[in-house]
Amino acid sequence: MGIAASLMMIAAANGAPAAVPPGTVTVIVVPDGDEHAADAPAYAEAVDAVFNAANYLVLPATGPSRYRAHVAVDREARGLVGAPAPTKKADAAMANWGGGISIALPTAKQDLRALIVTRMTITLSDWRSGKTLWTGSAVTAQVGGTAANAPATVGGKLATALVARMPAALPEPLSVP
C-alpha cells in the first residue's frame with residue numbers, strides 16, 4: 001500500500017477530510033449561458049494557474065489524467081452601484097487649421113454600474129471512477145466594466161480561495177472580497 005493511500009485511510013478514520021494528493025488534472029470550465037461562453041478560456045487559464053501553483057500538473061482536457069476539475073461559473077447582475085466616472089487623459093492635436101489641447105479637470109462624478117455577482121464551483125473527481133473527491137464554491141461581487149471584474153481577475157481570485165481550502169468540507173460558499 002502506498003504512503004498516500006495510507007494517509008488517506010488515516011484521515012478518513014479520524015473524521016478529517018481525505019487529502020487529495022497532487023497529480024495530473026484536467027480543467028473543464030462551463031460558463032453560465034451563451035453570453036459568457038467567450039469568457040470560459042480566461043476562467044480556465046486562471047484555474048489552471050492556481051492548480052499549477054498548488055503542485056498539480058494541468059493537462060489538456062482532451063486526454064486522461066488523475067483528476068478532473070469541473071468548474072461551473074455563474075454571473076448575475078444584482079442592482080446598480082455608484083462607481084467613479086472615467087476621466088479623460090490629457091490630449092493634444094495639431095492640424096492644418098491650428099492646434100488644440102484638452103485637459104480633464106478632477107471630478108467627483110459617479111456613474112451607475114451593474115453589481116456583478118460571480119459564483120465559481122469547483123468539483124474535483126477521480127478521472128477513472130468518476131467519484132467526487134471534493135467540491136467547493138466561492139462567490140464575489142464586483143462592479144461591472146472595471147478591471148476588478150475581468151474574467152481572469154475574478155477567476156483567479158475565486159479559484160485561489162477554493163484550492164487553498166481543499167480538501168476541507170465547505171458547507172456553504174466562501175465569500176471572497
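The values are calculated or read from the model by the stated rules, or taken from the named source; none is laboratory data. None of the values given here were measured: they were computed from a predicted structure. Cβ atoms come from the backbone with ideal geometry, glycine included; neighbour counts cover every protein chain shown. Side chains are part of the model used for accessible areas, which takes the heavy atoms of the whole protein and leaves out ligands, DNA and RNA. Shrake-Rupley method; radii C 1.70, N 1.55, O 1.52, S 1.80 Å.
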Selection within region 43-69 - in a strand (DSSP E or B) and closer than 17 Å to V154 by Cα:
none
Filter result for L105 (touching a Leu at 6+ places or on another chain (Cβ under 6 Å), at pLDDT below 90, open to solvent by 50 Å² or more (accessible area, probe 1.4 Å) and farther than 18 Å from V29 by Cβ)
no
Restricting attention to region 128-148, which residues are out of contact with any Leu (no Cβ under 9 Å at 6 or more places or on another chain) and not aliphatic (A, V, I, L, M)?
R128, S129, G130, K131, G145, T146
Being open to solvent by 20 Å² or more (accessible area, probe 1.4 Å) and among the small types (G, A, S) is true for just one of A159, A169. Which residue is that?
A169
Take A42 and tell me if it is within 20 Å of L133 (Cα to Cα), in contact with a helix residue (DSSP H, G or I) (Cβ under 8 Å, 6 or more places away or on another chain), at pLDDT 90 or above and open to solvent by less than 40 Å² (accessible area, probe 1.4 Å).
no
What residue, among those in region 116-152 that are open to solvent by 20 Å² or more (accessible area, probe 1.4 Å), without any contact (Cβ under 8 Å) to a residue 60 or more places away in the chain and part of a helix (DSSP H, G or I), is farthest from G23 (Cα to Cα)?
A147
Enumeration of residues in region 23-39 that are in a helix (DSSP H, G or I), small (G, A, S) and open to solvent by less than 60 Å² (accessible area, probe 1.4 Å):
A37
